[in-house]
1. Show the residues, 5+ positions off or on another chain, whose built amide H is closer than 5 Å to the amide H of LEU189.
2. What span do the alpha-carbon atoms of the stretch 129-257 cover on each of the three principal axes, reported in whole Å from largest to smallest?
3. Provide, as a two-decimal number, the C-alpha radius of gyration of the chain over 2.2 N^0.38 Å, N being how many residues it has.
4. Exactly which GluC sites (Glu not before Pro) in the stretch 19-115 are in a DSSP loop and have at most 15 other Cβ atoms within 10 Å?
5. Just want the ordering: ARG256, ARG216, from fewest to most Cβ atoms lying within 10 Å of their own Cβ.
6. Can you pull the Rg over Rh of the stretch 65-108, Cα-only, Kirkwood?
7. What's the angle, to the nearest 10 degrees (0 to 90), between helix 220-234's Cα axis and the longest principal axis of the chain?
8. Please identify which residues in the stretch 18-62 have an amide N closer than 20 Å to a label point set 7 Å out from the Cα of SER89, following the Cα→Cβ vector.
Amino acid sequence: MLEIKQIKSLQEVNELKKQYFEQSTAPLDGMWHFGFVPMSSHFGFYEDNALVGYCCVNGDGYVLQFYLSPTAQTQARELFTLLAEQNSSVVGSINGAFVSTAEPHYLSLCLDNSSSFKVNALMYQQVTSFISQGTAGLELTIATQEQLSEFIEFAVNNIGAPEQWLSQYFGNLISRQELFGYWKDDRLLATGECRLFDEYQTQYADLGMIVAESERGQGIATGVLNSLVSLGNERGLIPICSTESGNLGAQKAIQRAGLEPLNRIIQIEFDHK
């Protein structure tokens, strides 16, 4: 008989997470899976006290990951539908899910229970050796701990991200030497991120950037991305990144830097009947 319990420590699901990433058909988005997922609630699926699967749900009631081991006796479709139809008092209210097209099994389960869906983001990956297409890379400088407040202020002003979250996020990137800045006349015009994976997906470099609102449309985004792609390639890694479905400017810059939109992140609403 299946029992659902809340997971107290993410160490408990390490092996299942490894299996989860191994069954994906392409690299999964780093920000979603290593930024948002650890902050979400995790629930374990147990058969005879043995952990055979898990799911995680964010504060808005959206499933972010779902995995059931092939060795489990429980049927994944029945279990997922039970969760989607609000029939687990342990997990509680489920409104929908975020899932990528690189997760065909999880995506299929979501679609079985969907009332509507929309593309949330495009997932990009380098598929050929990098060839600059008219815009040279810009000179990026690695960020220092003394510059943390400047980077935080820049991101607050240009994308409206919460200051407290940025302090922790940028602070961690700086300590790992994964945050860069593009300055001109002593003014920070863009930030760049080349995030490396500690486990799972270790052959990829996850890229990110922010360009000052006043400087957009001048080729800075493509120049920053060209530099980040080169940095990833120099380390023998395959660059990946993502951007919102409505951000046409970023999409053009990413493709000019040689990355292709091979997958999508889908937001799915569940049909509660």
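1. TYR182, TRP183, LYS184
2. Projected onto its principal axes, the Cα set of the stretch 129-257 covers 37, 36, 30 Å.
3. Numbers: Rg = 20.0 Å, N = 273, 2.2 N^0.38 = 18.5 Å.
Relative to the rule-of-thumb radius for its length, the chain sits at 1.08.
4. Values: sites: GLU22, GLU47, GLU78, GLU85; in loops: GLU85.
Within the stretch 19-115, the qualifying GluC sites (Glu not before Pro) (loop, at most 15 other Cβ atoms within 10 Å) are GLU85.
5. On the way: ARG256 18, ARG216 15.
Fewest-to-most Cβ neighbours within 10 Å comes out as ARG216, ARG256.
6. Details: Rg = 11.0 Å, Rh = 11.4 Å.
Ratio value, two decimals: 0.96.
7. That helix lies at roughly 70 degrees to the long axis.
8. Within reach of a label on SER89: 42-49.
Read-outs: derived from the displayed coordinates by stated rules, not from any lab. Just so it is clear, the model here is predicted, and its values are computed rather than measured. Glycine also receives a Cβ, built like all others from the backbone with ideal geometry; neighbour counts cover every protein chain displayed.
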